[in-house]
1. Looking at this structure, is Gly31 in contact with a helix residue (DSSP H, G or I) (Cβ under 7 Å, 6 or more places away or on another chain), farther than 20 Å from Pro119 by Cβ and surrounded by 20 or more Cβ atoms within 10 Å (Cβ to Cβ)?
2. For region 333-345, name all the residues that are in a loop (DSSP other than H, G, I, E, B) and within 32 Å of the chain's Cα centre (by Cα).
3. Among the residues of region 187-202, which ones are among the aliphatic types (A, V, I, L, M) and exposed (fewer than 12 other Cβ atoms within 10 Å of the Cβ)?
4. In region 250-265, what count of residues is obtained for those that are assigned to a helix (DSSP H, G or I) and over 14 Å from Phe308 (Cβ atoms)?
5. Before we move on, is Leu63 more than 32 Å from the chain's Cα centre (by Cα) and buried (at least 17 other Cβ atoms within 10 Å of the Cβ)?
6. Does Pro124 fit the bill of being in contact with a helix residue (DSSP H, G or I) (Cβ under 8 Å, 6 or more places away or on another chain) and either modelled with pLDDT under 95 or part of a loop (DSSP other than H, G, I, E, B) (or both)?
7. Residue check: is Gly131 surrounded by fewer than 19 Cβ atoms within 10 Å (Cβ to Cβ) and either outside the structural domain of Ala29 (by TED's automatic domain parsing) or out of contact with any Phe, Trp or Tyr (no Cβ under 6 Å at 6 or more places or on another chain) (or both)?
8. Which residues, taken from region 5-36, are part of a helix (DSSP H, G or I), free of Cβ contacts under 8 Å to residues at least 40 places away in the same chain and more than 40 Å from the chain's Cα centre (by Cα)?
Amino acid sequence: PSVEGQAEVIQDALSMAQKAPDDVAFVEAHGTGTALGDEIELKALQQVFQSVETSSARYIGSLKSNFGHLDTAAGAAGMVKASLALVHGTVPPTASVTDPVDALKSNSPPFCLNKEPVPFPVSPTGTRCAGVSSFGIGGTNAHVILEQAPSKGDLIATRPGLIVPFSAPDEQRFELLCSEVQECIARDPAERAQLAYTMQIGRRQFSHRGYWVSSSGGSGDIVIRRGGQGGIVPQAEAPPVVFMFGGRDTLDPIALKGLFDGEPEFRREFLDAITHIECLKLEEPGLAEGLRALRQGLPGEWGGTALFCAEYAICKMWQRWGVEPAVLLGVSLGEFVAGVIAGTITFSEALRAVIRSDGLSTAYPMGQSAAVASGEERLR
């Protein structure tokens with residue numbers, strides 16, 4: 001072991017973590033338990049931290065006095081201890097130390113050896129940081145800087161409905177899990193959003209699948225099984241995804257408002273489309289008032305424009321979630337959305353055509369349409 005090598009790796013770790021020595025309030029030392037090894041380690045710490053001027057205490061300790069030498073697991077055990085110290089905001093004492101080495105007695109490094117659990121000091125930046133050293137017998141030096149994770153508030157459901165998927169590899173475990181999910185939801189309704197997130201993001205999917213579904217987050221909750229008999233999902237590749245965009249008659253103002261209020265990704269894309277329209281500076285009578293309504297998720301008299309923006313926003317929302325279409329289909333006004341997604345027409349070109357059509361529809365009474373089988377030249 002060498003003072004220079006240990007000091008260098010500690011300084012490198014601080015630099016990589018973008019932390020100053022003043023940020024570190026606790027060091028989980030390698031702690032060989034020998035006069036030579038401990039003296040060298042403390043001198044290396046002194047070399048790194050000697051410039052620190054602070055009124056706050058800094059602590060040092062080692063897990064070695066609890067477990068002895070752990071060979072290749074020594075550094076990992078130290079990281080576990082330091083991590084738990086950060087989690088609980090407490091620096092644990094080091095066991096069985098009755099006669100500290102001279103470097104600690106003289107308090108020459110800015111560290112002290114606590115004999116009782118003490119509150120983990122907070123750094124000048126408002127967080128807690130720890131350093132963990134592990135120095136191998138073959139000369140390999142390692143030092144890790146750990147920082148307290150940012151605190152997170154309770155996960156709050158931002159959508160009116162929740163889906164809790166669950167699955168199991170066989171029928172017996174599926175039935176058991178189904179009961180456990182329902183019991184968990186009934187026991188603590190406030191945890192539903194957290195449960196939904198965990199089950200959607202952090203669990204494998206097996207062949208027996210089910211869903212706890214709530215349309216309102218309250219009563220009327222049901223479990224739906226997907227797949228064939230008994231909720232079993234066949235082991236097969238997912239079929240290609242088709243996006244189909246409907247015409248004017250498919251606009252549902254209630255569904256539009258629900259998506260606008262409940263899906264942040266949809267709302268962002270929808271409002272971006274409205275902003276794009278405003279930048280076109282089109283002179284359609286009543287368009288300005290219509291856009292103000294659309295910014296609230298209300299179609300008003302501009303149903304075609306609302307439908308175009310809604311279908312486009314839904315498509316972009318699915319794409320943001322990782323769902324890509326293999327086929328695009330459009331009917332009537334939906335052809336413009338399909339064309340934009342496919343890249344055969346620009347967003348601005350499609351918007352101009354849709355808004356012009358909407359303007360004519362609002363300016364004139366209800367008309368009729370006819371399908372004519374003929375060539376383009378003859379029709380012209």
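The values are calculated or read from the model by the stated rules, or taken from the named source; none is laboratory data. Predicted, not measured: the structure shown is a model, and the values here were computed from it. For neighbour counting, all protein chains shown are included, and Cβ atoms are generated from backbone atoms with ideal geometry for every residue, glycine included.
1. yes
2. Once the filter is applied, which keeps residues that are in a loop (DSSP other than H, G, I, E, B) and within 32 Å of the chain's Cα centre (by Cα), region 333-345 yields only Gly343.
3. Selection gives Ala190, Ile201.
4. 11
5. So Leu63 passes the test.
6. Criteria met by Pro124.
7. When the stated conditions are applied, Gly131 does not pass them.
8. Leu36
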